[in-house]
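Enquirer: Can you read through this structure? Questions will come right after.
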Amino acid sequence: MIGRTLFAAVLAGLAAGLVMSVVQQWRVVPLIVAAEQYEDAGHSHDHAAMSADGLAAGSAAAVEGHAGHDHGDGAWSPSTDAERLWFTLIANAGAGVGFALLVAALSLILNVPVTPANGFLWGLAGFSVFMLAPAVGLPPELPGMPAADLFERQVWWWATAAATALGIGLMALAKPWAVRLAGVALIAAPHLWGAPHAAAMESAVPAALATAFAANALATGIVFWLTLGLALGLIGARLMKEAGA
């Protein structure tokens, strides 16, 4: 059973990564390319921070957007759109498999199988933990936008994801209302504390472009997570049926 569950996770992760890559090329990449024009005009940005935040959020949009951009610093980067797309597919597939294995392992630990009936809920929970909750304090950022210290953002991001995951678990699995209320408090705690932000918020990137990017990045994220949850449920059920389980 464990082997089939993990195999289903690999297939579901690859499917989610492929779907996300298609949506990114359509809705996200053009916005990154547009923002890079403002960045090239003389505005700097912490590219390592963007790549780390984007990948941790379950979206490789920031990673691949920066990968195809040459800043003249001697670092290697894809030289063509096809090369950029290829490495985007690899990054998204890797992220998809990793997150799908995480969901599968959690389902085994909690003894709550991912099924075609609840796959949507698993996906929605993953989106809430890794994208929606962190984005409330740290929205997806385009190149050229100001950002706080990388370490401070990473600490806040991981604390928010962990608190949200635990909070959702308590609300979904615990029966006493006091425990469920504790779950709500956990979800709210990082936002009451506050996310770190840059001291100066001036940016050459138009507000409309930044808003469009944040909205489309989140939309891409929910497509990724819902695809992952539903695919994991459907593929897992099919493998179990074929095995006679």
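Enquirer: Please pick out the residue among GLY229, GLY144, GLY194 that is within 22 Å of LEU106 (Cα to Cα) and out of contact with any strand residue (DSSP E or B) (no Cβ under 7 Å at 6 or more places or on another chain).
Expert: GLY229
Enquirer: Whether any residue in the stretch 5-13 is modelled with pLDDT of 90 or more and of a type outside the set (A, V, I, L, M) is what I want to check.
Expert: Yes; the residues of the stretch 5-13 include at least one that is modelled with pLDDT of 90 or more and of a type outside the set (A, V, I, L, M).
Enquirer: Another question about this same structure. Considering only residues of the stretch 101-123 that are touching a Ser or Thr at 6+ places or on another chain (Cβ under 8 Å) and not in a loop (DSSP other than H, G, I, E, B), which is most open to solvent (accessible area, probe 1.4 Å)?
Expert: LEU108
The values are calculated or read from the model by the stated rules, or taken from the named source; none is laboratory data. As the structure is a computational prediction, the values presented were derived from the model and not from experiment. Note: ideal-geometry Cβ built from the backbone for every residue, glycine included; neighbour counts use all protein chains shown. Accessible surface is based on the protein model in full, side chains and every heavy atom, while ligands, DNA and RNA are left aside. Shrake-Rupley method; radii C 1.70, N 1.55, O 1.52, S 1.80 Å.
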